[in-house]
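> I'd like to ask you about the structure that follows.
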Amino acid sequence: MSAQTDLLRDSVASKQALATLVEKVLDEARSQGVSAAEADVSVGQGLSVTVRLGEVETVEHNRDKNLGLTVFFGHKSASASTSDFSAAAIRDTVRAACSIAKYTAEDECAGLADLKQLAKDPPDLDLHHPWNLSAEVATAMARECEDAARGVDRRIKNSEGATVSSYDGLEVYGNTNGFLGAIPASRQSLSCSVIAQDDAGMQRDYWYSVARDASDLQTPEQVGTIAGHRALRRLGARQPGTRETPVVYEAPVASTLLSHFVGAVRGSSLYRQASFLLDHVGKQVFSDWVRIVEQPHLPKAMGSTPFDNEGVATREHDLVTGGTLKRYVLDSYSARKLGLQTTGNAGGVHNLTIEPGERDLPALLKYMETGLLITELIGFGVNIVTGDYSRGATGFWIEKGEIQYPVEEITVAGNLKSIFTDIQAVGNDVDTRGNIRSGSILVASMTVAGN
Amino acid sequence: MTASLQKARESLLEPAGISDSELERLMGRLLSHQIDYADLYFQYRRHESWVLEEGKVKTGSHSIEQGVGVRAVSQEKTGFAYSDEIGLPPLLDAASAARAIAQQGQNAKVPVAWQGAQGLDLYAPADPLASLPDASKVKLLEDVEAEARRQDPRVKQVMANLAAVHEVIMVVRSDGVLAADVRPLVRLNVVVIVEHNGRREQGVAGGGGRCSYQYFYDKDAALGYAREAVRQALVNLEATDAPAGTMPVVLGPGWPGILLHEAIGHGLEGDFNRKGTSAFAGRIGEQVASRQCTVVDDGTLRDRRGSLNVDDEGTPTQNTVLIENGVLKQYMQDTLNARLTGLAPTGNGRRESYAHVPMPRMTNTYMLAGDYDPQEIIASVDKGIYAANFGGGQVDITSGKFVFSASEAYLIEKGKITRPIKGATLIGNGPDVLTRVSKVGNDLQLDPGVGTCGKEGQSVPVGVGQPTLGIDGLTVGGTQN
C-alpha cells in the first residue's frame, strides 16, 4: 500500500514507474519465448464516504492495482492477470499465460493491433484532476446533499444516504510492437437516494453527478434537491391498463436504447452471427435525420480516451449518418474476422452521442401529447440476436403534454429494429454523465403491459 | 474446519510472516478507538477460464487476486480499508485508516486467545483448477461443441465457457474467533445459435457447483447442457409473439425460482429492514404468501453454488426459514445488522472480495414442495402462460416491484400447453405476488448452478429453486395486446 501511494503522488514519476513495469512484463514474456505480447498496468486510489440520516455510515478507502497480460505464440493466445507486482508474481503470471497458450487453438485473426493503427502523439484530454478529498470534507458535502433531499418535503421520510467519492487512477498500456502509452484519469462523484412515503406506500429515487474535475460537479444542494423531487413525484403510482402507446425515454434511460444498438453492431456479436443487425452497413437503421457520432477526444468527458485498449488511435467518426449505419464497432480481432479495419473500439465506445434536437423534455412531452414517460427501467429482457425487447418500467402517464400521474408495475415491449426506426425526436436535454450521451427519446409506439 | 484453518494459516499468514502476535497487534491498533467490532478478511483467489467459439478453444485466462480487508464498526458506522499486499506494515496502515471512523478510546478488549469457529464441511477443500489436465479441459469444450452440432443441422454457432475458482479465506474477529474456508467453484456455460429460413434464435444452458471439474463428466452433465441449449434454441425458432397484460402464469420448477430471489429474497435482507427501506420492513408475523408457501434460505446444501461452510464473517451458514405456511418468519442477517437489531446472525454476511464490505446476502433460496401434480397445475389454467426458463431479474426493494425475464415460455389454452411464445419480462409486486400462488407443485428442483447475484455493485454466487407454481395473476410483458 505504501509503495502504491508513492506511485500516485507524483504523476510523472508514477508514469515512469508503471512504464518500467510494463517493459519488465514484456521482457519477461520475450524471455519465455512469446512472439508478441501486450500488457496493461493500472493503479488507483480513492475515498468514498456515505452519510445516512445525518450520520456517517461508511468511510471506505480504496487502493487498487492490477496487471493484465496477453501473450501470442504465432496465432495462439492466452491471458493472465495479477494484483501482485513482485518480480516473482510477474514471472508466474507470464508463465501461467504461456502455459494456457500451449493448449489454445491456432486462430489466424489473433494478434496485436496493426502497427500503423497505433496512436502516435496521443492528445492530452484533460482527464486527470486529483481531488485531495478528506473524510471530513466528504462528510460535510454528503450531509449537505442528504439534508437538501430530506428538506424537499415532509414526505421524504427515509434515506439510503448520500455518497461523495473520489478516485484517482493511472493506466499504462504497452505492447511488443513498441507502443507505450499512459492515461491518468480521475473520477469524482456525488449521489443521493431517498425515500418518499405516504399512506399508499414507499417510493425511492436518486440522482447523481459525476465529473473528472470536482469543480464540475453539481452542488450537493442541487443533487439532493433533484433526488428529493424525483422520489416525491413517484408517490401514488398506479398500474395502467395494457395498450399501444407512444413512449418518451427520459434522457438518463434513453442511453440504454443506444447501448442495445451498440451491442448489435459490435464486432463480436457480428462474427458470431448473434445480432439482429447483421450485414446492415449502408442500410437504413434509424429515421433519416438521425446522426450518431463517436467523440473520443472531448476534453474532460467521462468517455474520453486518446487510444483504445489495444493502443489504437481513437478519432471522431460517425456511426450513423442520415439514419444509415456507416460502420461497425470493432477491435482488431473482430475487424480481421470480418475482413475490415479496427475502428478503435477495443474496450467499447467513447462518448457516443446521438445528435440532439431542438426540444427540451417538456416540449417533447407536448409533442407526444398522450403517452408514457419512462424514468426508470429494470430487468434484462433484451435479446440482441432477435432484437426482441421487453423490460420493466416506471414513469408517468402523459396527457395533453402534461404529467397526469405516476405509473409503475408495467413493461414496455417491442422489437429494437422497429423501435429504432420509430424514433421520432431526440431532446436537447443531453445526459453527459456516461459513455453514451443522449437527450430524451420519443418512440412512436410500443406495447405497454399493465393490468 | 480445523483443516481449513491450518491451510489458511499456511497459505495466507505464514508467507507474510504473520503469526498470532501480529494479529493481536493489528487488533490492538483497531481497538484503540471506540470500536464495537472489527475484523480482518484475508483472501487468496485463483481463477481460470477457457473459451470455445467457432469450433476451437481460442483463448484462456488465468488470474490471481489476494489481499486483506480491514473493517472497524462503531454503532452504525463502518470504517473500511484494504490492502492487496499481505504484510504487517500495510495492514497497520489499513487498520489506522479503518479505525478513524471512531474517536480514540476503548470499547472492546483485544482478544487474549484465538478460538477456531465451528464451520460446516459441505465441499472438498481441493483446488478445482488442478482437478483436470489443461488438455482435457480443451477436449471437454470440444466435446460439448460436437454434441451441440450433432443435435441438429440448424445449429450455426456454439459458444462454450469453462471456468473454475479456488479460494482460501480467513476471518480474524475482534471477539477472538478465527474462521477459514477453502472454497472451490466450477461452472460450464453453453450458448447455441440456430438459424432456419433466415430467422436466428439462441438457447443457453449450463451449471456447476462447489466441486471439481469431475462434476461435468458425472451424469453426462456437460453434454447434457449442449443438448439442452440446442433444445431451447429450436423451441424459440417456433415461438410467436408473447401476449401483453395480466394473466395466470405457471412457472416451471428449478431456475424459475429466481422469482423468490427477486420478489421475496432481497426484500428480506437485514440491512434494508433495519433501515426501513424494504417493502417488507416491520412485517414479521404477517401473512405475506399463500398458506401453501414455505420459503427458506439454506447455505448448508452439499456442493451447491450458493453454499458456504462459514459466511464471509466467519458465521456458520444455516437453513433459515423466511416464510412458513405463508407467514413471514425472519430476515437474513450479517453481524452488523443482527447486532443493531438485537437478533442473531444467520450466516448471510457475504462480500465479493477483500476489497468489498460485507452485507446480508442470500445463499440458496427456495420454496419447499407442495401437494399438486405439475400437470394438474397447468390443466387448471384456462388461458395463460407457462414459463420454463428465465434469464435475469431485478427488484426495487422499496416499492417492491420486481421483474424476471422468460427465455422459454408457452401459451396455455384450455388447460393445455399449445405453442411456444417469445421471451418476455414478467413484472409483479413482491409483497403480494405469493399471496396469489394458487397451487404449489410436488416437484421441487434446485437450479443447475448458474446464479450470480448483484447488490450495490458486488457479485456473489447464489442458488435458487422451487417446485412448479401456479400464480393467479402476473403482468406479462409481451407485444400482443
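> Compute the distance from the alpha-carbon center of segment A:340-398 to that of segment B:391-460, in whole Å.
Taking the Cα centre of segment B:391-460 as reference, the centre of segment A:340-398 is 25 Å away.
> Starting from segment A:73-140, pick out the GluC sites (Glu not before Pro) whose DSSP state is loop and whose Cβ has at most 13 other Cβ atoms within 10 Å.
A:Glu106, A:Glu108
> Obtain the nm distance between the two label points defined at A:Lys400 and B:Arg419 by a simple spin-label model: each point lies 7 Å from its Cα along the Cα-to-C-beta direction.
With each label point 7 Å from Cα toward Cβ, the separation is 4.4 nm.
> For peptide B:470-480, compute the average count of partner chain beta-carbon atoms within 10 Å of each residue's beta-carbon.
Partner Cβ neighbours, averaged per residue: 5.
> If you fit an axis through the alpha-carbon atoms of helix B:20-30 and take the longest principal axis of the Cα set of chain B, what angle between them do you get, 0 to 90°, nearest 10?
90 degrees
> Rounded, prolate or oblate: which fits chain A, taking a ≥ b ≥ c as square roots of the Cα gyration tensor eigenvalues, rounded meaning a/c under 1.5, else prolate when a/b beats b/c?
Note, shape of chain A comes out oblate.
> Taking 40 Å² as the minimum loss, tell me which residues in segment A:222-263 lose that much accessible area going from the chain by itself to the full protein complex (1.4 Å probe).
Checking the loss per residue gives A:Thr242.
> Please go through the residue pairs A:Lys300/B:Lys77; B:Lys137/B:Lys455; A:Lys283/A:Lys417; A:Lys102/B:Lys58; A:Lys337/B:Lys137; A:Lys157/B:Lys275 and name each one whose alpha carbons sit more than 23 Å apart in this structure.
Checking Cα-Cα distances, A:Lys300/B:Lys77; B:Lys137/B:Lys455; A:Lys337/B:Lys137 exceed 23 Å.
> Run the numbers for A:Glu355 and A:Glu136: contour at 0.36 nm per residue of separation, minus the present Cα-Cα distance, in nm.
Roughly 74.7 nm would be gained on extension.
> Sort the protein assembly as shown into rounded, prolate or oblate with this rule: let a ≥ b ≥ c be the square roots of the eigenvalues of the Cα gyration tensor; rounded if a/c is under 1.5, and if a/c is not under 1.5, prolate when a/b is larger than b/c, oblate otherwise.
It comes out rounded by the Cα gyration axes.
> For labels at B:Asp371 and B:Asn197 in the simple 7 Å Cα→Cβ model, what's the distance in nm?
For B:Asp371 paired with B:Asn197, the spin-label model returns 4.7 nm.
> Still on this structure, I have one more. Quick check: Cα centre of segment B:203-249 to Cα centre of segment B:2-41, how many Å?
The distance from the Cα centre of segment B:203-249 to that of segment B:2-41 comes to 44 Å.
> Using the reciprocal of the averaged 1/r over all distinct C-alpha pairs, how large is the Kirkwood radius of segment A:3-232 in Å?
Every distinct Cα pair counted, the radius reaches 20.2 Å.
> What residues qualify as long-range amide H neighbours of A:Arg238, i.e. H under 5 Å apart, gap of 5 or more or another chain, H built at 1.01 Å from N?
For A:Arg238, whose amide H was placed from the backbone, the distant partners under 5 Å are A:Val407, A:Glu408.
> State whether segment A:238-451 is rounded, prolate or oblate according to the following rule on the C-alpha gyration tensor (a ≥ b ≥ c being the square roots of its eigenvalues): a/c under 1.5 gives rounded; otherwise a/b larger than b/c gives prolate, and the remaining case gives oblate.
Verdict is prolate for segment A:238-451.
> Averaged over peptide A:74-86, how many Cβ atoms belonging to another chain are found within 10 Å of each residue's Cβ?
Mean partner-chain Cβ count within 10 Å for A:74-86: 4.
> What total accessible area, in Å², is buried where chains A and B meet, using a 1.4 Å probe and rounding to the nearest 100?
Its buried surface, counting both partners, is about 5700 Å².
> Can I ask one more? Using DSSP, restrict attention to beta bridges with both residues in the protein assembly as shown and report what percent are antiparallel, rounded to the nearest 5.
Taking every DSSP beta bridge within the protein assembly as shown, about 90 percent pair in antiparallel fashion.
> I'd like the distance separating the alpha-carbon centroids of segment B:279-327 and segment A:239-315, in whole Å.
A separation of 41 Å, based on Cα centres.
> How much FRET efficiency would the formula 1/(1 + (r/R0)^6) give for A:Tyr367 and B:Ala3, where r is the Cβ-Cβ distance and R0 is 60 Å, rounded to 0.05?
Approximately 0.30, to the nearest 0.05.
The values are calculated or read from the model by the stated rules, or taken from the named source; none is laboratory data. Nothing here was measured: the structure is a model prediction, and the numbers come from that model. Note that each Cβ is placed from the backbone with ideal geometry, even for glycine, and that neighbours are counted across all protein chains shown. Heads up: the accessible areas ignore ligands, DNA and RNA and are worked out on the full protein's heavy atoms, side chains in. Shrake-Rupley method; radii C 1.70, N 1.55, O 1.52, S 1.80 Å.
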